Amino acid sequence: MKNILVLLCIFLLSLEASFGQKISDKGLQIYWEKMQNIESGKELSNTDLMEIWNSPGYNYYNNQTASQDIYNNYYNLVYLTGLQDSLQNRLRNNDNSSISSYIIRYLNEAKQKRLKLEEFIQNLKTSNNINDGNTQAFKYLPKTFKPDNENTLIALTLIVPDSQTIPEEDLILIDLLSAYRLGNEFDKYLGHELHHLYVLNYFSKLRKNDELDRYPDLIYSIDKLRLEGIADLIDKDDILEKPNKSDYELDFCKYYKESKSRFQKMDYLIQEIVDNESMFTANGKKISRELPLGCHPNGLYMAHLIEREYGKDGILKCLENPFVFIQLFNEASKQNPEKYYTFSDVAMNYLKKLELEWIED
């Protein structure tokens, strides 16, 4: 009887953690319906297309006509029967660097795997993935943390080349194709995004600026290093040792191993800003380019060292303040200067100045 009560308590606690959070494929259902119309020879009207873009998950891009147009341009090529020869010609083009080639291959792969993707969705709906994802996210959150009753919509789409979290809308966009490729690792993938949600909604003290669409590039990069670095401990912790890496994972590991030289360049660019404040915007953009793949590889590099030197408590100290993330990395790097880059006093003093401007008490 005691064992039954213990199991019941664990079950109730897990329900509480994911209360209101749900996985939705409503947008995908509309998407597949419209793609079937194209396959049957029907040209989609603007009304048809807007049904897609007004659906859950896709509606995040409702006002981003450029994003919509990119995809709208290739729906016919991928799905219209009379254009399949043209599609095959495009697929034979090995120019994987262009965004158009990427989107065409992406949409075509989703078309070919539709039945498997639909089966994968059903497995997601009937499994314990949300609770498992929360378990993964909570690994790098304080033990005392208890979220409010989240009503997060976890929307499956076939538009995002990666997943992303929009905390102000209580929305997580999941790229279905990427999730499918992960298979049994989906709980970690979701845990990564849930960690973003909790950090941004409950912990981060980075000042919001309503006058700006986004943070200045330098501030954005510093925040991304922290956000992605910590969250990547959840789903990419062992990426360096992983066999049979994808092209993305190979690039990830390459940039990870280049962290020392990339931080040296970042330091130099910050010192240029110190010498000439008017270079803040231009050098901020250069720093963003110096931290590829959305800061993931170099952020994980920093998180690995912080956790190795200070344990999980060191990681938790960074949840409120991204500048602390760089400060702890820098202190840890001094223990092994031959392996890790240590930022100059000039750069660190400037980042301290930015911290005073951008972190709320």
With contacts defined as alpha carbon pairs under 8 Å and 6 or more residues apart, what's the relative contact order of the chain in percent?
16 percent
Helix 2-17 versus the longest principal axis of the chain: what is the Cα-based angle in degrees, 0 to 90, to the nearest 10?
90 degrees
Residue-ordered couplings for the stretch 79-89, obtained by feeding phi - 60° into the Karplus form 6.51 cos²θ - 1.76 cosθ + 1.60 and rounding to whole Hz (Gly and Pro as x), are 10, 6, 4, x, 10, 5, 5, 5, 4, 5, 4
One would report the Cα pair-distance distribution of the chain, bin width 10 Å, in %, as 5, 21, 29, 25, 14, 5, 0, 0
Expressed in nm to one decimal, what extension gain is obtained for the pair Asn54 and Lys312 from 0.36 nm per residue of sequence separation less their Cα-Cα distance?
88.7 nm
Using alpha carbons only: equivalent-ellipsoid semi-axes of the stretch 70-167, gyration tensor based, whole Å
37, 16, 12
Nearest 10 degrees, 0 to 90: what angle lies between the long axis of helix 259-275 and the longest principal axis of the chain (Cα atoms)?
70 degrees
More than 25 Å apart - percent of Cα-Cα pairs taken over the stretch 217-358:
22 percent
Semi-axes of the equivalent ellipsoid for the stretch 52-124, please: Cα gyration tensor eigenvalues, times 5, square-rooted, ordered largest first, whole Å.
22, 18, 12
Ellipticity estimate at 222 nm from DSSP helix runs (n ≥ 4, -39,500 (n - 2.57)) divided over the chain, nearest 500
-19500 deg cm²/dmol
Counting only other residues whose beta carbon sits under 14 Å from that of Asn54, what net charge do I get with K and R as +1, D and E as -1?
-1
Alpha carbon centre of the stretch 17-89 versus the stretch 326-361: separation in Å?
45 Å
Taking a straight Cα-to-Cα line shorter than 12 Å from Lys22, and setting aside same-chain aspartates and glutamates fewer than 8 residues away, one finds Glu150, Asp170
Against the longest principal axis of the chain, how steep is helix 129-138, in degrees 0 to 90 to the nearest 10, with axes from Cα atoms?
10 degrees
Using the reciprocal of the averaged 1/r over all distinct C-alpha pairs, how large is the Kirkwood radius of the stretch 121-196 in Å?
12.8 Å
Starting from the Cα of Lys265, draw a straight line to each of the lysines and keep only those under 24 Å, dropping any in the same chain fewer than 8 residues away.
Lys224, Lys254, Lys257, Lys285, Lys286, Lys334, Lys339, Lys352, Lys353
Neighbourhood net charge (12 Å Cβ-Cβ; Lys/Arg +1, Asp/Glu -1) for Leu117:
0
Trypsin sites (Lys or Arg not before Pro) within the stretch 79-180: DSSP coil, no more than 16 neighbouring Cβ in 10 Å
Lys113, Lys139, Lys143
Which GluC sites (Glu not before Pro) from the stretch 175-248 combine a DSSP loop assignment with at most 10 other Cβ atoms within 10 Å?
Glu211
Neighbours of Arg226 by Cβ distance under 14 Å: Lys/Arg at +1, Asp/Glu at -1, summed charge -3
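Read-outs throughout are calculated quantities, based only on the coordinates presented, and are distinct from any laboratory measurement. All values derive from a computational prediction rather than experimental measurement. With ideal geometry, Cβ positions are generated from the backbone for all residues, glycine too; neighbour counts draw on all protein chains shown.
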